[in-house]
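One structure is given here, and the rest of the page talks about it.
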Amino acid sequence: MMLSGTSTRYAATERISFTGPPKRLIGGFDQFNYRSTTKYNRQMDTSRRSFCLSIPAFVALPASWTAFASALRAAPSAPDANNETYWALVKRQFPLEDNLIYLNAANVCPASRPVLDRHSEFMRDFQANPSFQNRLKYETLRERLREKMGAMLRVSADELAITRNTSEGTNIVVKGVDLKPGDEVLITDHNHPSNNDSWKVRAQREGFAVKVLPVRVPAASRDELISQVEKGITPRTKVIAITHVTSTTGILYPAREIAGIARQRGIWMHLDGAQTFASLDVNLKDIGCDSYSASAHKWLMGPLEAGILYVRSERIPQIWPSIVTAGWTDHLKGARKLEVYGQRDDPRIVALEAAIDFVSLIGIRTMEARGRFLATHMKQQISEIGGVKLKTNLEPELSGGVVKCDINRVPTKQAYDSLWNQHRISIAMTASGDSQGLRFSPHIYNSREEIDRAVAAIKSLAS
Ligand SMILES: Cc1ncc(COP(=O)(O)O)c(C=O)c1O
């Protein structure tokens, strides 16, 4: 299958075709009726045994998703975060172009082959037979997805709404919580506009106050982050809305401690999880926030325009839906009342399940370890380059997968353009302000060698 005009790994390694509707719709994603056009699947049974015996056997493994999945299931233990051979195999499950160094997970991630396959299979299935009868199965699939997502985040399926992205999830909270003139909402100036400007817009209409805390870069300590929020609370504070890992400079907020403070005072605590969902092993029950929003097209490597909103069960009766249309009733169970938007893109929701399956197969802890390994490797090297300021904390308790740095003598836009034009390194940037600089966000499809090449490029720009 060619996904673009260029020859991609995806195109080069295997062609998988779908030979009809799913055989069984309740079950794992490998129960679909795949027919591989390569010899790889046939090789798999014999290579499986050697895979179990030693890590170097990864080298012998085929790129085929089904073979890869079977081999991983048979593996005796999770692979090390720095086993480049294993991670090279993971990379082959993505359609990334060969000469592209993609370091922008914080914005959008490529979807893996099983996600792309599932999405296109179900799009064909849906379009071939859009009858109510054929579409009935999507209800079941959506609920199965909700269960899996709940298990991943350690919350009940009933506490999850399936949204279109983080912005939408956060805006449902912004619009849905009761507030009156005189109330206060506490945010930080490093929140994304969806968790910052959205509060200000509503406040302008309704007359409550929005108090903005300035974030120091890099963060001094967890204690300082906690006490800054605590000191910002007044008897009028009704909502605290912060970001789990900031997209500006990558600060990991002590969400659990802040949620505890909020809970004691009856304040609603919303957490923007855009940069932590499927990047860190997030346990929402342990954190104890009231709501958490995230996108599936970022670190989860899911389909575009899919996301989640968690609302703690005790809080669900207190939040209003932003959209009400056919299918909505007061009796919808749990957070489902927040996701009735009219006709949804059902095949995309099914593809979202494949993304959860992909992450579960690799293991969220293994993924976090790999992401942290790459980000730390990068930060350590950057911190040693003269003339470059690392803006992200090195301490694991204050950082996640986002890396920000600023080259002192080179304008940020110039450095950003040069990374792309001369090295084909795709990143994000902030042109000015306290979080000015180049943002790198490596993920499991990146190799250590790619990080080293990015660091070398920064070094040559700084010299
Ligand atoms: C912290 C944070 N929140 C929210 C968003 C918005 O995400 P989306 O555009 O997927 O809604 C982003 C996007 O990068 C982000 O970094």
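The values are calculated or read from the model by the stated rules, or taken from the named source; none is laboratory data. Computed from a prediction, not measured in an experiment: that's the story for all the values here. As a convention, Cβ positions derive from the backbone with ideal geometry for all residues, glycine included, and neighbour counts pool all protein chains shown.
Quick look at the numbers
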| read-out | value |
| --- | --- |
| Some residue of the range 294-310 being out of contact with any Pro (no Cβ under 8 Å at 6 or more places or on another chain), away from the ligand (no atom under 16 Å from the Cβ) and not polar (S, T, N, Q) | no |
| Hits in the range 155-173 (condition: away from the ligand (no atom under 16 Å from the Cβ), surrounded by fewer than 21 Cβ atoms within 10 Å (Cβ to Cβ) and assigned to a helix (DSSP H, G or I)) | Ala157, Asp158 |
| Any hit, the range 116-124, residues being more than 16 Å from the ligand (Cβ to nearest atom), among the acidic types (Asp, Glu), in contact (Cβ under 8 Å) with a residue 24 or more places away in the chain and surrounded by fewer than 21 Cβ atoms within 10 Å (Cβ to Cβ) | no |
| Residue among Glu314, Glu353, Glu305, Glu368 that alone is charged (D, E, K, R), modelled with pLDDT of 95 or more and part of a loop (DSSP other than H, G, I, E, B) | Glu305 |
| Qualifying residue in the range 134-152 (condition: away from the ligand (no atom under 16 Å from the Cβ) and assigned to a loop (DSSP other than H, G, I, E, B)) | no |
| Hey, Ala335 more than 16 Å from the ligand (Cβ to nearest atom), closer than 26 Å to His119 by Cα and crowded, with 24+ Cβ neighbours inside 10 Å or not | yes |
| Contacts under 8 angstrom Cβ, first residue in the range 374-397 being closer than 22 Å to Arg409 by Cα, partner surrounded by fewer than 18 Cβ atoms within 10 Å (Cβ to Cβ) and of a type in the set (Asp, Glu), 6 or more apart | Gln381/Asp452 |
| Filtered residues of the range 311-326 (kept if within 16 Å of the ligand (Cβ to nearest atom) and basic (Lys, Arg)) | none |
| Number of positions in the range 433-460 that are in contact (Cβ under 8 Å) with a residue 12 or more places away in the chain, out of contact with any Leu (no Cβ under 8 Å at 6 or more places or on another chain) and more than 30 Å from Leu361 (Cβ to Cβ) | 6 |
| Any hit, the range 305-322, residues being in contact (Cβ under 8 Å) with a residue 60 or more places away in the chain, charged (D, E, K, R) and out of contact with any strand residue (DSSP E or B) (no Cβ under 6 Å at 6 or more places or on another chain) | yes |
| Matching residues, the range 213-247, being free of Cβ contacts under 8 Å to residues at least 40 places away in the same chain, of a type in the set (A, V, I, L, M) and over 20 Å from Lys391 (Cβ atoms) | Ile226 |
